[in-house]
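A.B. asks: Sharing a structure below in structure tokens format, with a few things to ask.
Any read-out appearing in this document is the output of simple, stated calculations on the displayed coordinates, not a laboratory observation. Treat the numbers as computed from the prediction; the structure is a model and nothing was measured. So basically every Cβ, Gly included, is an ideal-geometry build from the backbone, and we count neighbours across all protein chains shown.
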Amino acid sequence: MKKPVRVLVVDDSALMRKLIPKILEADDGIEVVGTAMDGYFGLKKIAELAPQVVTLDLEMPGMNGIDTLKEIMRRWRLPVIVVSSHSTAGASITFKALGLGAFDFVAKPQDVSARMPEIAAELIKKIHAAAQSAGVHAQFLPREAPGAKAPKLRPVAPTHIVAIGVSTGGPNALQYLFSHLPADFSGSILVVQHMPDGFTGLFAKRLDECCPIRVKEAQSGDLLVAGRALICPGNRHMKVKKLPLGNVAVLGDEGLVNGHRPSVDVLFHSVAEEFGAQAMAVLMTGMGEDGAAGLGEIRAAGGFTVAQSQETCVVFGMPKAAIERGYVMRVADLQDLPKVLQAQCGPDPGRRDAADIKQATSAGGN
């Protein structure tokens, strides 16, 4: 029988230090070896208790969560799951933590005492994934944002529709990928990143500020244009639709698929149906099997399918599921994905004919 995963809970709230161990007790494969009320005590207890995974509150007096995380990464490189406030400020500091090497995060519900059990399954699943992960790939962590970026290009019809599914490890992996694509990238990118409502807008904004391509949180009716990525909002599904004045993204509120909303399979199924051979599907780092079936549909429709390699995934779950089913046409390291996307999507959009450009720009707006 496998030994349980040893977890340390670091949180300044006495309530959270009581609630988190309580919800983790439901899983026989997890043992909470201790709790700490701030960063100083947290570091001391890591040295004493040798946990395999740490849950970390970021907003603490004294030694705050960010400084604590930096020390954990410097001294032990343990997987850290951030317990984040469900607010704009909480989202901002959470993305900073992910950029410093945090494994993943869970968002505290607004009513902590009554609704904390709602995140129990998510936290338990992420703790197990963290314990089994290969660790943080330092070379893929975000670097300092560049200075002034080139002006955004005018809307142009894309050569291909690139649908990307990603989960745990996704924020850093997507930033690496997008920062290595040129502003005149000829594909239109659609992303389902498993992330709660309230985080995806800030995530898209951060990517837009530091990457050459344009990035925005998707809205229904957004045009699919070259050199832009649309990030599906948390708690919505995203599909695509061909329309006379231009192809668009469409958001919906249907039920959970594979336990997720947004679901990668929903996006991939829609892209396969609408674009067939013009589609490209990419499964990147993440837990579970969401996206595997949809990626198979894109391959069956004549599209091109890619999975991120095990060696460069934080969690090799979603790509592995698709590879094992025989749906993946190419496996690529993260550092090679930008070249794979550019090779598949072809020449820059500036060399396409005027009719294509007119189609993309005539619809205006989004």
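A.B. asks: Once the convex hull of the C-alpha atoms of segment 191-307 is built, how many Å³ does it hold per residue, rounded to a whole number?
C.D. replies: With only Cα atoms used, segment 191-307 gives 104 Å³ per residue.
A.B. asks: Further question: Using only alpha carbon positions, build the gyration tensor of segment 252-316, then give the equivalent ellipsoid semi-axes as the square roots of 5 times its eigenvalues, largest first, whole angstrom.
C.D. replies: For segment 252-316, the ellipsoid semi-axes come out as 19, 17, 7 Å.
A.B. asks: Moving on. Show that you can apply the helix-only estimate: for the chain, add -39,500 (n - 2.57) for every DSSP H stretch of four or more residues, divide by all residues, and state [θ] at 222 nm to the nearest 500. Don't skip to the end; give the middle numbers.
C.D. replies: Values: 13 runs with 129 residues, N = 366.
Calculated mean residue ellipticity at 222 nm is -10500 deg cm²/dmol.
A.B. asks: Let me ask something else. Tally the DSSP beta bridges in the chain and give the antiparallel ones as a percent, rounded to 5.
C.D. replies: Working: 7 of 53 bridges.
Beta bridges within the chain, antiparallel portion: roughly 15 percent.
A.B. asks: Another one. Share of antiparallel DSSP beta bridges in segment 160-362, in percent to the nearest 5?
C.D. replies: Roughly 20 percent of the DSSP beta bridges within segment 160-362 come out antiparallel.
A.B. asks: Name the longest site-free stretch of the chain, where the excluded sites are GluC sites (Glu not before Pro) in a DSSP loop with no more than 12 other beta-carbon atoms within 10 Å.
C.D. replies: The longest uninterrupted stretch comes out as 26-143.
A.B. asks: Between Met63 and Lys216, what is the label-point separation in nm under the 7 Å Cα-to-beta-carbon projection?
C.D. replies: Going by the 7 Å Cα→Cβ label model, 4.4 nm.
A.B. asks: Nearest 20 debye, what's the magnitude of the dipole of the chain about its Cα centre given +1 on Lys and Arg Cβ and -1 on Asp and Glu Cβ? It would help to have the intermediate numbers written out before the result.
C.D. replies: Details: 39 positive and 38 negative charges, 125 e Å.
The calculation lands at about 600 debye.
A.B. asks: For segment 160-362, max minus min Cα coordinate along each principal axis, in Å, sorted largest first?
C.D. replies: Dimensions of segment 160-362 along the principal axes of its Cα atoms: 43, 34, 34 Å.
A.B. asks: In segment 5-136, how does Rg compare with the Kirkwood Rh, expressed as the Rg/Rh ratio over alpha carbon atoms?
C.D. replies: Result: Rg/Rh = 0.91.
A.B. asks: Follow-up. Going down the table (Lys45/Lys70; Lys44/Lys125; Lys126/Lys205; Lys108/Lys241), which pairs top 24 Å between alpha carbons?
C.D. replies: Checking Cα-Cα distances, Lys44/Lys125; Lys126/Lys205; Lys108/Lys241 exceed 24 Å.
A.B. asks: Using r as the Cβ-Cβ distance of Lys2 and Ala47, and R0 as 25 Å, what FRET efficiency do you calculate, to the nearest 0.05?
C.D. replies: For R0 = 25 Å, the calculated efficiency reads 0.50.
A.B. asks: Sticking with this structure for a sec: Just to confirm the filter: which chymotrypsin sites (Phe, Trp or Tyr not before Pro) across segment 180-241 are DSSP coil and have at most 16 other Cβ within 10 angstrom of their Cβ?
C.D. replies: Taking segment 180-241 and a limit of 16 other Cβ atoms within 10 Å, no loop chymotrypsin sites (Phe, Trp or Tyr not before Pro) are found.
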